[in-house]
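The values are calculated or read from the model by the stated rules, or taken from the named source; none is laboratory data. What you are looking at is a predicted structure, and each value in this text was computed from that prediction instead of being measured. Using ideal geometry, Cβ is built from the backbone for each residue, glycine included, and neighbour counts are taken over all protein chains shown. Side chains are part of the model used for accessible areas, which takes the heavy atoms of the whole protein and leaves out ligands, DNA and RNA. Shrake-Rupley method; radii C 1.70, N 1.55, O 1.52, S 1.80 Å.
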Amino acid sequence: MKKKLRSITRRGLEYSYILGMRIHDKRSLLELKVYHKNVKLHPLRIQILTWDDPIAGCPLNTGYLLQNHKRGFDVVYNLNHPQRIREWIENGTAKGWDGTRTIEIIYGLDAMQEMGYDITSLRTSI
């Protein structure tokens, strides 16, 4: 099955993105790549390594309750929801990503912590 790019708009700008997942040694590696619309050069590339449940799957791909200290409430975090993609685009833009150069966020859990999420439970089994 061929994965297709999804589209999303943030602040009037159009983006395309693709979300992939690999499982290795009871760990799940999610990879999100975001591009400016119709330009596949210089993506914002995020990798998130967390535990994987043999029945429920990857917690961030199926939905996992996380506290967000900056917002002051709990969020069911699912990378398949457009709001989460918009958060990553905003985070990448704040780090200087504008589509003219590639930005890689290899430690996605650390970036999530910077965004205010309590990621302690996502690291417990890594």
Charge tally in the Cβ shell below 12 Å around E14, where Lys, Arg are +1 and Asp, Glu are -1, E14 excluded: +4
Amide H contacts under 5 Å for D53, placed H, 5+ residues apart: C58
Extension gain from N80 to L5, taking 0.36 nm per residue of separation minus the Cα-Cα distance: 25.7 nm
1.4 Å probe accessible area per residue over the chain, in Å²: 60 Å²
Rounded percent of accessible protein surface that carbon and sulfur make up, segment 58-103, 1.4 Å probe: 49 percent
log₁₀ of I(q)/I(0) at q = 0.10, 0.11, 0.23 Å⁻¹ - the chain, Debye sum with one point per alpha carbon: -0.30, -0.37, -1.50
Overall form of segment 27-97 per C-alpha gyration tensor (a/c, 1.5; a/b vs b/c): oblate
Of K4/K70; K40/K70; K4/K37, pairs whose Cα-Cα distance is over 25 Å: K4/K70; K40/K70
Principal-axis tilt of helix 82-94 within the chain, Cα atoms, nearest 10 degrees: 70 degrees
Whole-Hz couplings from phi, Karplus 6.51/-1.76/1.60, listed for segment 12-27; x for Gly and Pro: x, 9, 9, 10, 10, 8, 9, 10, x, 9, 10, 10, 8, 6, 6, 10
